[in-house]
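The values are calculated or read from the model by the stated rules, or taken from the named source; none is laboratory data. Quick caveat, the model's predicted, so the values are computed rather than measured. With ideal geometry, Cβ positions are generated from the backbone for all residues, glycine too; neighbour counts draw on all protein chains shown.
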Amino acid sequence: MMEKETIRQPSLPNFQELFEDSLFEFLPYSDLSRWVPEQSTYEEAQRSTKALLRLGNIKALSFLSFIGPRDPKDNFYIEHHHTRFDHSLVVALTTEQILRQNGASLDQINVGIVAGLFHDIATPALGDAIKQLDPKNLNEEDFWWETLDTRGKNFVRRFADKETLDRIIKNQGPLGEVLDIADRITYVMKDLYNVIGPIKPEEIESNPLLTSISNIISFYPKIGNIYRDVGVDQKKGKVFFNDPNMLYAFLLLRATLHREFYLHPINQGRDLFIAKLLEPLYSKDDTSKLTPSLLRQMTDHDLLEIICGKYFPDMLVAESAFFSLVNWLPLFEKLDTQEEAIARAKQLQRNSNVAVVGIKKCRGFDSGISYNVVGKNGRILSFSEFDPYRAKALQTLGESTKGFFVFYADVSEESPTNTLLKTVLKK
């Protein structure tokens with residue numbers, strides 16, 4: 001059992017200076033860039049709940065950093081600094097612009113802004129890496145209301161009741177579809193900007209992932225402007241894209257990021273190990289441990305300090321304990337069935353020089369081919385119906401990550417990471 005004194009009050013970032021000046025935010029690869037003025041819905045939301053400010057200390061991509069090819073000997077890493085706060089703010093901006101260009105009322109626009117700002121508010125510390133511990137109780141869409149304090153709930157009620165905003169945050173109805181689209185546009189553009197923006201041209205040419213991304217962007221340098229292409233037919237309750245070709249380019253970029261970055265086995269294996277570190281400290285209902293409610297109050301730094309307190313009690317700075325993990329390359333094998341994966345894991349465990357991290361099922365990802373587009377004669381139909389050939393190609397990318405992965409490590413040599421692996425996995 002974790003000692004009670006290990007759990008202390010979560011810290012909050014100091015955003016006082018942020019309030020003194022207007023915020024400037026932008027959607028990369030687009031013309032959407034804006035100052036966020038004082039006395040706006042955005043600024044009022046920040047003042048109304050500490051939960052939104054906490055997102056400023058939650059990294060958007062957690063520990064995802066590997067963008068190398070599938071052969072790990074040519075490893076390539078990036079640093080990313082954007083946060084869930086940055087992401088949420090731009091989702092709100094993008095949602096607002098889509099609604100404005102489609103003649104939405106001021107009330108609808110404000111509801112869209114609030115939904116954009118609060119849709120990730122219940123994200124636990126360390127984000128997606130930790131959510132896999134308990135997907136049901138750590139799902140941010142299901143617990144956004146519980147995360148708000150009384151002042152935050154009163155702020156929300158000025159614009160919509162809980163049930164209405166809950167449906168939108170869960171992507172239901174036309175406003176929910178708009179939020180979903182704004183969310184996807186924002187994370188794709190922001191992640192692209194962080195992945196490819198700081199990299200030199202000669203480095204791009206040597207990396208297959210970066211080359212494929214760069215080729216698409218060369219045809220659509222303002223691919224982020226796809227938000228302008230979103231139409232909303234309020235009478236029919238339909239949301240659609242006016243340019244199917246631009247939608248295809250966007251979906252191809254998104255699919256490439258999913259396959260070669262978000263769901264790359266090396267990134268997934270590292271995330272699985274991070275979750276393993278937290279397993280003995282977590283409980284869904286034992287308040288002497290880290291509960292879902294507490295994780296929704298904590299920052300990344302808070303959680304890293306607690307994890308390091310267990311495994312690295314002599315470390316003064318929490319993040320430094322994880323430095324070696326940034327460059328760690330888990331070994332992996334992909335199998336078709338869970339039974340095959342379990343059998344392979346047992347076989348690997350017989351080797352004293354191998355530490356098995358675990359088995360993880362990847363279900364693939366939604367390729368987005370169900371989005372509506374405007375076809376010939378102005379008819380609204382799904383992209384898969386409009387262009388079956390390219391839709392099939394996107395669907396194939398979406399299904400290519402499916403499988404059961406066994407993650408393991410060679411721990412025959414002494415190193416900080418191997419010592420940690422053997423400690424956590426009790427090898």
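General remarks:
- A residue that is closer than 20 Å to residue 415 by Cα, in contact with a strand residue (DSSP E or B) (Cβ under 8 Å, 6 or more places away or on another chain) and polar (S, T, N, Q) can be found somewhere in region 327-338.
- Residue 230 falls short on exactly one of the conditions (1) touching a helix residue (DSSP H, G or I) at 6+ places or on another chain (Cβ under 6 Å); (2) modelled with pLDDT under 95, and that condition is (2).
- Options 372, 353: the member that is within 25 Å of residue 258 (Cα to Cα) and polar (S, T, N, Q): 372
- Of all residues in region 386-399, those that are farther than 20 Å from residue 258 by Cα have Cβ atoms under 8 Å from Cβ atoms of residues that are surrounded by 18 or more Cβ atoms within 10 Å (Cβ to Cβ) and among the β-branched types (Val, Ile, Thr), 6 or more apart or on another chain, in 386/373.
- Flag for residue 136 being on the phi < 0 side of the Ramachandran plot, in a loop (DSSP other than H, G, I, E, B) and surrounded by fewer than 17 Cβ atoms within 10 Å (Cβ to Cβ): yes
- Pairing residues of region 332-356 that are exposed (fewer than 14 other Cβ atoms within 10 Å of the Cβ) with residues that are among the polar types (S, T, N, Q) and at pLDDT below 95, at Cβ distances under 6 Å and at least 6 apart in sequence or on separate chains, gives 353/412.
- Region 283-295, residues that are in contact with a Ser or Thr (Cβ under 8 Å, 6 or more places away or on another chain) and closer than 11 Å to residue 133 by Cβ: 283, 284, 290
- Sole exception among (1) within 30 Å of residue 285 (Cβ to Cβ); (2) more than 16 Å from the chain's Cα centre (by Cα) for residue 208, by number: (1)
- Within region 361-390, considering residues that are of a type in the set (Gly, Ala, Ser) and touching a strand residue (DSSP E or B) at 6+ places or on another chain (Cβ under 8 Å), the one surrounded by the fewest Cβ atoms within 10 Å (Cβ to Cβ): 370
- Test for residue 386: is it closer than 23 Å to residue 332 by Cβ and among the aromatic types (Phe, Trp, Tyr): no
- Qualifying positions in region 151-164 - within 14 Å of residue 47 (Cβ to Cβ) and either of a type in the set (D, E, K, R) or under 27 Å from the mean Cα position of the chain (by Cα) (or both): 151, 152, 155, 156, 158
- For residue 294, the conditions (1) at pLDDT below 95; (2) within 28 Å of residue 149 (Cα to Cα) are fulfilled apart from (1).
- Filter result (hydroxyl-bearing (Ser, Thr, Tyr) and under 19 Å from residue 140 (Cβ atoms)) within region 150-200: 164, 186, 187
- Against the criterion of being in contact (Cβ under 8 Å) with a residue 12 or more places away in the chain, within 24 Å of the chain's Cα centre (by Cα), more than 21 Å from residue 183 (Cβ to Cβ) and surrounded by 15 or more Cβ atoms within 10 Å (Cβ to Cβ), residue 264 qualifies.
- Enumerated strands (runs of 3 or more DSSP E) restricted to region 317-427, each holding at least 3 residues that are over 26 Å from residue 176 (Cα atoms) and either modelled with pLDDT of 85 or more or small (Gly, Ala, Ser) (or both): 331-335, 354-362, 403-410
- Contact map, region 275-288: first residue modelled with pLDDT under 95 and loosely packed, with under 15 Cβ neighbours inside 10 Å, second residue of a type in the set (D, E, K, R) and assigned to a helix (DSSP H, G or I), Cβ cut-off under 7 Å, separation 6 or more or different chains; pairs are 288/4.
- Count of region 96-109 residues, restricted to those that are in contact with a helix residue (DSSP H, G or I) (Cβ under 6 Å, 6 or more places away or on another chain) and either free of Cβ contacts under 8 Å to residues at least 40 places away in the same chain or surrounded by fewer than 18 Cβ atoms within 10 Å (Cβ to Cβ) (or both), is 2.
- Residue among 177, 205 that is surrounded by fewer than 17 Cβ atoms within 10 Å (Cβ to Cβ) and farther than 18 Å from residue 253 by Cβ: 205
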